[in-house]
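**Q** Pasting a structure here, questions to come.
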Amino acid sequence: QLTASRSTPEHFIVGQPFPVIIDLSGQSEKEVAFILKESIPDHAKVVQSTPQHSSKNSETLLLKWITKSKVPASFSYIMLIPSAGETTITFDGSIATSGGDPLPIGGVTTISSGNHHWADSDNDNIISDKEILTVYDKYAELPGLVDEIDLIEEIWLGEGYTWNAMTLQYDITE
């Protein structure tokens with residue numbers, strides 16, 4: 001029996017990328033074949049997925065992976081919401097094996113937009129030591145986040161930041 005759990009940051013800024021991770025767990029001494037499906041909001045854009053999703057259409061609203069793998073395993077994607085709209089987005093997905101009915105992906109099901117970087121978990125306009133360590137522990141190995149990790153480091157090295165909605169950039173306080 002495989003289970004899947006989704007984790008995301010607690011918030012995002014419209015137009016800025018943020019990571020989504022789906023961790024698979026269960027008892028498996030050998031490789032297991034499974035299908036993982038993830039619905040994304042119709043106004044979202046997936047910048048990159050690891051491993052690459054199997055969906056033929058890159059503009060699809062349903063990411064699909066079919067693979068045979070040992071468990072535990074992780075799947076991830078980098079997503080952004082290109083324009084302001086709903087302030088809360090909802091995730092939905094499932095995992096299926098040949099041995100049973102599809103099971104829903106657990107964990108985070110909603111995330112809200114805001115004016116703080118996704119790594120700033122306490123929304124205080126500072127990337128603290130704890131926050132940057134969490135980023136390194138959880139997200140540093142994700143392909144597609146190299147520039148974002150560099151930005152988080154710059155914010156951490158500074159005294160703080162503010163989101164500039166006019167320039168669509170972070171203004172870092174030195």
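**Q** Which residue pairs have Cβ atoms under 6 Å apart, sit 6 or more places apart or on different chains, and have a first residue in region 159-174 that is more than 18 Å from Asn123 (Cβ to Cβ) and a second that is modelled with pLDDT of 95 or more and surrounded by 12 or more Cβ atoms within 10 Å (Cβ to Cβ)?
**A** Glu174/Gly158
**Q** Can you find a residue in region 149-159 that is assigned to a helix (DSSP H, G or I), under 16 Å from the mean Cα position of the chain (by Cα) and surrounded by 12 or more Cβ atoms within 10 Å (Cβ to Cβ)?
**A** Yes, region 149-159 contains at least one residue that is assigned to a helix (DSSP H, G or I), under 16 Å from the mean Cα position of the chain (by Cα) and surrounded by 12 or more Cβ atoms within 10 Å (Cβ to Cβ).
**Q** Also, quick follow-up: Can you say whether Lys56 is more than 14 Å from the chain's Cα centre (by Cα), over 20 Å from Gln27 (Cβ atoms) and either at pLDDT 95 or above or open to solvent by 80 Å² or more (accessible area, probe 1.4 Å) (or both), as far as the supplied structure shows?
**A** In short, yes.
**Q** Take the residues of region 102-125 that are open to solvent by 50 Å² or more (accessible area, probe 1.4 Å), in contact with a Ser or Thr (Cβ under 9 Å, 6 or more places away or on another chain) and not polar (S, T, N, Q): which is nearest to Thr173 (Cα to Cα)?
**A** Asp122
**Q** Further question: Which ones in region 67-80 are of a type in the set (A, V, I, L, M) and either closer than 19 Å to Gly106 by Cα or modelled with pLDDT under 90 (or both)?
**A** Val71, Ala73, Ile78, Met79
**Q** Quick check on my filter: what residues within region 130-147 are outside any helix (DSSP H, G or I), surrounded by fewer than 16 Cβ atoms within 10 Å (Cβ to Cβ) and either in contact with a Cys (Cβ under 6 Å, 6 or more places away or on another chain) or in contact (Cβ under 8 Å) with a residue 60 or more places away in the chain (or both)?
**A** Pro143
**Q** Moving on to the next point. Any residue at all in region 113-127 that is farther than 16 Å from Thr8 by Cβ, assigned to a helix (DSSP H, G or I) and modelled with pLDDT of 95 or more?
**A** No, that holds for no residue.
**Q** Tally up the residues in region 81-95 that are surrounded by 16 or more Cβ atoms within 10 Å (Cβ to Cβ) and modelled with pLDDT under 95, please.
**A** Qualifying residue count, region 81-95: 3.
**Q** (1) open to solvent by 60 Å² or more (accessible area, probe 1.4 Å); (2) touching a Ser or Thr at 6+ places or on another chain (Cβ under 8 Å): which one isn't true of Gln27, the others all being true?
**A** Result: Gln27 passes all but (2).
**Q** Hey, Val46 hits all of (1) free of Cβ contacts under 8 Å to residues at least 60 places away in the same chain; (2) more than 20 Å from Gly15 (Cα to Cα); (3) among the aliphatic types (A, V, I, L, M); (4) buried (at least 19 other Cβ atoms within 10 Å of the Cβ) but one; which does it fall short on?
**A** (2)
The values are calculated or read from the model by the stated rules, or taken from the named source; none is laboratory data. All values reported here derive from a predicted model rather than from experimental measurement. Every residue, glycine among them, receives a Cβ derived from its backbone with ideal geometry; neighbour counts consider all protein chains shown. In case anyone asks, the SASA skips ligands and DNA or RNA and just uses the protein heavy atoms, side chains included. Shrake-Rupley method; radii C 1.70, N 1.55, O 1.52, S 1.80 Å.
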